[in-house]
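Student: Sharing a structure with you now.
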Amino acid sequence: MPKKKKIAVVYDEASLDISSELEMAFSGKTEHEAKSTPEDTSLMSVIEQVDTIVEVLTDAGYEVSTALTSPAIGRLMDKLQEEKPDLVLNFCESIEGDSFQEMNVAGLYELLRIPYTGSGPLTLGSCLNKVRAKEILSFHKINVPSFRVFTSPDEVSRKKIDFPVIAKPIHEDASAGISNASVVYDRDHLQSLLGDVLRKYKQPFLVEQYIEGREFNVAIVGNEEVVALPVSEIDFTSMPEGYHHIVSYEAKWIPETVEYKSTVPVCPAKISQRLQQKIQNTAVKAYQVMKCRDYARIDMRVDKSGKVYVLEVNPNPDLTPGDSGFARSAEAFGWTYGQLINNIVESAFKRSVGTY
């Protein structure tokens, strides 16, 4: 009887975001209203994702264990060296709330010579640095919104800015730091916003052109042969007046908010075959240019003229069963959740033995 392959599922606990504080500061919410905001579900998403994936992989015949990265990275190293897994299913997106450490955890697997799912350290670091990602994509003739980087609110008065713009922290993902207040139409608002968020996030902020239009994303699986899953659109038609058509932190993780209820995913997107092909081709090119591996999600906007802009490349996207865009796209393609996870794992195994 062949020996079961060992898979270690490594994950981190999601950290709390301050987007709700920003929203209160710039939308006039009272402290009482802020305190009554429903619970953030990002942590529950991680736990649900891990539990389901353990079950899926166990059913597929693998010997599965789990490991948490925080608070002591040394314990993770000891566990991996003791267990000697054949593959790590890497769901680590931060260490103790520091998302920029995501690339270093992948580097740890490299040093221990343990194969793992997903992109390597250079891709993870480049995609997390929104400026670096845009520079790489632009070099390869992929459209991205025009942008500037701010390290001080004082710079607002000195730089040319074409409003409206959207402000984002450079080194965060999962919409952390993005709220309804992040879309800005004048210098005074931008200066006030940057003063607050620079102090709280302690990192530069990206201020980029706000693309008026439709928002799409494409989930991709594979390496040498990639599969672009059906295009998904975020339907903002039910968004009330006064709320911007963006996928904010609230829209992603806080179900009882207006933003969450008014960002409705539609997959497959109701678009022409020509536009579908254009979006998928752009997504695949971005995936390959950023050297993503095994799986990733590409977020895009299409303006009124039909021009496709890549907003972000997400090499370690949410895979929560049922609720995540990735799982929804896989289902629209005809895969069960188990098939999705097993296809990602098989891609990583094939790559690790040198087929890609």
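The values are calculated or read from the model by the stated rules, or taken from the named source; none is laboratory data. The structure presented is a predicted model; accordingly, all values stated were derived computationally and were not measured. Cβ placement follows ideal geometry from the backbone for every residue including glycine, while neighbour counts extend to all protein chains displayed.
Student: So which pairs qualify, if the first residue must be in segment 300-316 and at negative phi, the second must be among the acidic types (Asp, Glu) and at pLDDT below 95, the Cβ gap must be under 6 Å, and the two must be at least 6 apart or on different chains?
Tutor: The qualifying pairs are Asn316/Glu93.
Student: Here's a check for you: in segment 114-143, which residue that is basic (Lys, Arg) and over 15 Å from Ser99 (Cα atoms) is surrounded by the most Cβ atoms within 10 Å (Cβ to Cβ)?
Tutor: Going through the qualifying residues, I end up with Lys134.
Student: Return the only residue of Arg199, Arg158, Arg214, Arg148 being farther than 30 Å from Ile344 by Cβ and either touching a residue at least 12 places away in the same chain (Cβ under 8 Å) or crowded, with 16+ Cβ neighbours inside 10 Å (or both).
Tutor: The unique qualifying residue is Arg148.
Student: When you scan segment 177-194, do you find a residue that is in contact (Cβ under 8 Å) with a residue 24 or more places away in the chain, out of contact with any strand residue (DSSP E or B) (no Cβ under 9 Å at 6 or more places or on another chain), among the hydroxyl-bearing types (Ser, Thr, Tyr) and surrounded by fewer than 16 Cβ atoms within 10 Å (Cβ to Cβ), even just one?
Tutor: For segment 177-194, residues in contact (Cβ under 8 Å) with a residue 24 or more places away in the chain, out of contact with any strand residue (DSSP E or B) (no Cβ under 9 Å at 6 or more places or on another chain), among the hydroxyl-bearing types (Ser, Thr, Tyr) and surrounded by fewer than 16 Cβ atoms within 10 Å (Cβ to Cβ): absent.
Student: Would you please name the residue that is surrounded by the most Cβ atoms within 10 Å (Cβ to Cβ), looking only at residues in segment 217-254 that are among the small types (Gly, Ala, Ser) and under 26 Å from Phe100 (Cβ atoms)?
Tutor: Per the stated criteria, the residue is Ala219.
Student: Here's another thing I want to ask about it. Could you tell me how many of the residues in segment 262-300 are surrounded by fewer than 19 Cβ atoms within 10 Å (Cβ to Cβ) and under 17 Å from Ser324 (Cβ atoms)?
Tutor: The total comes to 4.
Student: Name the single residue, out of those in segment 301-329 being surrounded by 24 or more Cβ atoms within 10 Å (Cβ to Cβ) and of a type in the set (S, T, N, Q), that is nearest to Val46 (Cα to Cα).
Tutor: Per the stated criteria, the residue is Asn316.
Student: Kindly indicate the residue of segment 115-162 that is in a loop (DSSP other than H, G, I, E, B) and among the basic types (Lys, Arg) and also farthest from Ser175 (Cα to Cα) among those meeting that condition.
Tutor: Arg158
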